[in-house]
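The values are calculated or read from the model by the stated rules, or taken from the named source; none is laboratory data. These numbers come from a predicted model, not from an experiment. Ideal geometry is used to build each Cβ from the backbone, glycine not excepted, and the neighbour counts take in all protein chains shown. The area values use the complete protein model at the heavy-atom level, side chains included, leaving out ligands, DNA and RNA. Shrake-Rupley method; radii C 1.70, N 1.55, O 1.52, S 1.80 Å.
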Amino acid sequence: MFTIKDILYEDNHLIIVNKHVGDLVQSDPDGTEAIEDQIKAMIKIRDHKPGAVFLGVVHRIDRPVSGAVVFAKTSKALTRLNEMIRGGEIHKTYWAITESTPNPEQGSLTHYIVRDGRTNRSRAYDKPKADGKKAMLNYQILGCSTNYTLVEVELLTGRHHQIRAQLSKIGCPIKG
């Protein structure tokens, strides 16, 4: 559940919030209230806004993931932020705790992701599949303990559950 304490940064054009594990960025068909809706309601009350509040989702992260999420407070900001993402001016870093250590310690992965809409799961394949979309990422190990490894990931494409599917495919499932 979003609270004021979850705001990491805010100005007239954007708001960046800390999304917790289990929170939904945007509403889905099951009717669960999303952070997007909670932020709109907060802005409406806090800023005494009449009518609808504009809030554009710049990017999403999956429900079982925590991290910073950027929202645009104006349509102009949303357009500019989307252009920056397309132009590679915005860089996102992902960290995953895996149950095994990738070998080699850093590298690139290319797979073909097939999404199963019924189960909301994705699976990575080494070779192209009919419904598969090419998925690419770079990774490097940041640290290891006896049971787990911290892996930094740079997504080169943005596919459904991509990091989870690709790391699992190489025998390094994400913890939890």
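Does Ile43 meet the test of being over 29 Å from Leu155 (Cα atoms), modelled with pLDDT of 95 or more and assigned to a helix (DSSP H, G or I)? Spelling it out, Ile43 is indeed over 29 Å from Leu155 (Cα atoms), modelled with pLDDT of 95 or more and assigned to a helix (DSSP H, G or I).
Applying a threshold of 8 Å to beta carbon distances and a minimum spacing of six or more residues, or different chains, the list of pairs starting in segment 152-174 at a residue that is under 16 Å from Pro64 (Cα atoms) and ending at one that is in a loop (DSSP other than H, G, I, E, B) and among the small types (Gly, Ala, Ser) reads Pro173/Ser100.
Does His48 qualify as being loosely packed, with under 12 Cβ neighbours inside 10 Å, modelled with pLDDT of 90 or more and in a loop (DSSP other than H, G, I, E, B)? So His48 fits the description; yes.
Contact map, segment 115-129: residues that are among the acidic types (Asp, Glu) paired with residues that are surrounded by 10 or more Cβ atoms within 10 Å (Cβ to Cβ), Cβ distance under 7 Å, separation 6+ or inter-chain. Pairs shown: Asp126/His111. Looking at this structure, is Pro64 under 30 Å from Thr149 (Cβ atoms), open to solvent by less than 20 Å² (accessible area, probe 1.4 Å) and not basic (Lys, Arg)? So Pro64 does not fit the description; no. Residue-level check: of (1) more than 23 Å from Val153 (Cβ to Cβ); (2) open to solvent by less than 70 Å² (accessible area, probe 1.4 Å); (3) of a type in the set (Phe, Trp, Tyr), Phe54 misses just (2).
Residue pairs whose Cβ atoms lie under 6 Å apart, separated by 6 or more positions or on different chains, with the first residue in segment 13-41 and open to solvent by 60 Å² or more (accessible area, probe 1.4 Å) and the second aliphatic (A, V, I, L, M), are His13/Ala77; Gln26/Ala34; Gln26/Val57; Ser27/Ala34; Lys40/Val53; Lys40/Leu55.
Of all residues in segment 71-92, which are among the hydroxyl-bearing types (Ser, Thr, Tyr) and either in a loop (DSSP other than H, G, I, E, B) or touching a residue at least 40 places away in the same chain (Cβ under 8 Å) (or both)? If the condition is that a residue be among the hydroxyl-bearing types (Ser, Thr, Tyr) and either in a loop (DSSP other than H, G, I, E, B) or touching a residue at least 40 places away in the same chain (Cβ under 8 Å) (or both), then Thr74 is the only one that fits. Number of residues in segment 90-103 that are of a type outside the set (Phe, Trp, Tyr) and under 19 Å from Gly67 (Cβ atoms) equals 7. Among residues of segment 133-145 that are touching a residue at least 40 places away in the same chain (Cβ under 8 Å), those with a beta-carbon under 7 Å from a residue that is assigned to a strand (DSSP E or B) and open to solvent by less than 40 Å² (accessible area, probe 1.4 Å) at least six positions away or on a different chain give the pairs Ile141/Thr149; Ile141/Val151; Leu142/Val151. Beta carbons closer than 6 Å, at least 6 apart along the sequence or on distinct chains, pair a first residue in segment 48-64 that is within 11 Å of Val25 (Cα to Cα) with a second that is open to solvent by less than 50 Å² (accessible area, probe 1.4 Å) and in a loop (DSSP other than H, G, I, E, B) for Arg60/Val25; Arg63/Leu24.
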